[in-house]
1. Residue check, Ile29 against (1) touching a residue at least 60 places away in the same chain (Cβ under 8 Å); (2) buried (at least 19 other Cβ atoms within 10 Å of the Cβ); (3) in a helix (DSSP H, G or I), all met but one. Which one?
2. Scanning for something touching a Lys or Arg at 6+ places or on another chain (Cβ under 9 Å) and not in a helix (DSSP H, G or I), does region 123-138 turn up at least one residue?
3. Working only within region 15-26, note down all residues that are buried (at least 17 other Cβ atoms within 10 Å of the Cβ) and assigned to a loop (DSSP other than H, G, I, E, B).
4. Looking at Ser52 and the list (1) part of a helix (DSSP H, G or I); (2) touching a residue at least 24 places away in the same chain (Cβ under 8 Å), which single condition is not satisfied?
5. When you go through Lys76, Lys56, Lys62, Lys12 one by one, which is the residue that is more than 14 Å from the chain's Cα centre (by Cα) and on the phi > 0 side of the Ramachandran plot?
6. Hey, among the residues in region 114-133 that are among the polar types (S, T, N, Q) and open to solvent by less than 10 Å² (accessible area, probe 1.4 Å), which one's nearest to the chain's Cα centre (by Cα)?
7. Scan region 99-144 for residues that are among the small types (Gly, Ala, Ser) and within 19 Å of Val88 (Cα to Cα) and report the count.
8. Just give me the residues in region 1-21 being in contact with a Gly (Cβ under 6 Å, 6 or more places away or on another chain) and polar (S, T, N, Q), in sequence order.
Amino acid sequence: MFTVGIITSSDKGSKGEREDLSGKVIKEIVESKGYTVSKYIVLPDDEEELTSEMIKMSDDLKLDLILTTGGTGFSKSDVTPEATRNVVTKLTPGISEAIRYYSLSITKRAMLSRAISGIRNETLIVNLPGSPKAVRESLDYIIDALDHGLEILKNKTNECAR
């Protein structure tokens, strides 16, 4: 089906001081939907490293979908949205808005998310929350719509009307 790259943004995770549970949740969900995880990496909260990895996954590996987890909050080290903005050429605000909309029905803190999503070449990039619970809720909510969006992006369908 589609190829996926998973990037976890975590200083502690990149040093082996914390297990990356959120990335594992992403992997579990996308594989259960028939996606192939081509690359899974844990990086520090560093804008340049995150930017560089997204470019590699899109331009060199030509992955269909990049899912990030972590780095979308208010902390000074949270730079995932900025790194994503550095690489995308088209924003897809509806995806991030849908995640926040759904998440607000669970917690008011969802309004604090700075996550974005967008397209680079033929790769869709989506920032997900950092907690395993929020990742599961968010990805379960959007995954079916992502399938359709990727089919359109990859020219696998030209039918958008119902």
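The values are calculated or read from the model by the stated rules, or taken from the named source; none is laboratory data. Source: prediction; values computed, not measured. Here Cβ is always computed from backbone atoms with ideal geometry, including for glycine, and neighbour counts include all displayed protein chains. In case anyone asks, the SASA skips ligands and DNA or RNA and just uses the protein heavy atoms, side chains included. Shrake-Rupley method; radii C 1.70, N 1.55, O 1.52, S 1.80 Å.
1. (2)
2. yes
3. Within region 15-26, the subset buried (at least 17 other Cβ atoms within 10 Å of the Cβ) is 20, 22-23, 25-26.
Listed by number, the list holds a single entry, Asp20.
4. Among (1) part of a helix (DSSP H, G or I); (2) touching a residue at least 24 places away in the same chain (Cβ under 8 Å), the lone unmet condition for Ser52 is (2).
5. Working: Lys76 fails: on the phi > 0 side of the Ramachandran plot; Lys56 fails: on the phi > 0 side of the Ramachandran plot; Lys12 fails: on the phi > 0 side of the Ramachandran plot.
After ruling out the rest, the residue left standing is Lys62.
6. Taking region 114-133 first, the residues among the polar types (S, T, N, Q) are 117, 121, 123, 127, 131.
Those left that are additionally open to solvent by less than 10 Å² (accessible area, probe 1.4 Å): 117, 123, 127.
Values: Ser117: 7, Thr123: 11, Asn127: 4 Å.
That would be Asn127.
7. As a first pass, look at region 99-144 and keep what is among the small types (Gly, Ala, Ser): 103, 105, 110, 113, 115, 117-118, 130-131, 134, 138.
Filter again for within 19 Å of Val88 (Cα to Cα), leaving 113, 115, 117-118.
Residues meeting the conditions: 4.
8. Going through region 1-21, the residues in contact with a Gly (Cβ under 6 Å, 6 or more places away or on another chain) turn out to be 1, 6, 8-10, 20.
If the condition is that a residue be in contact with a Gly (Cβ under 6 Å, 6 or more places away or on another chain) and polar (S, T, N, Q), then Thr8, Ser9, Ser10 are the ones that fit.
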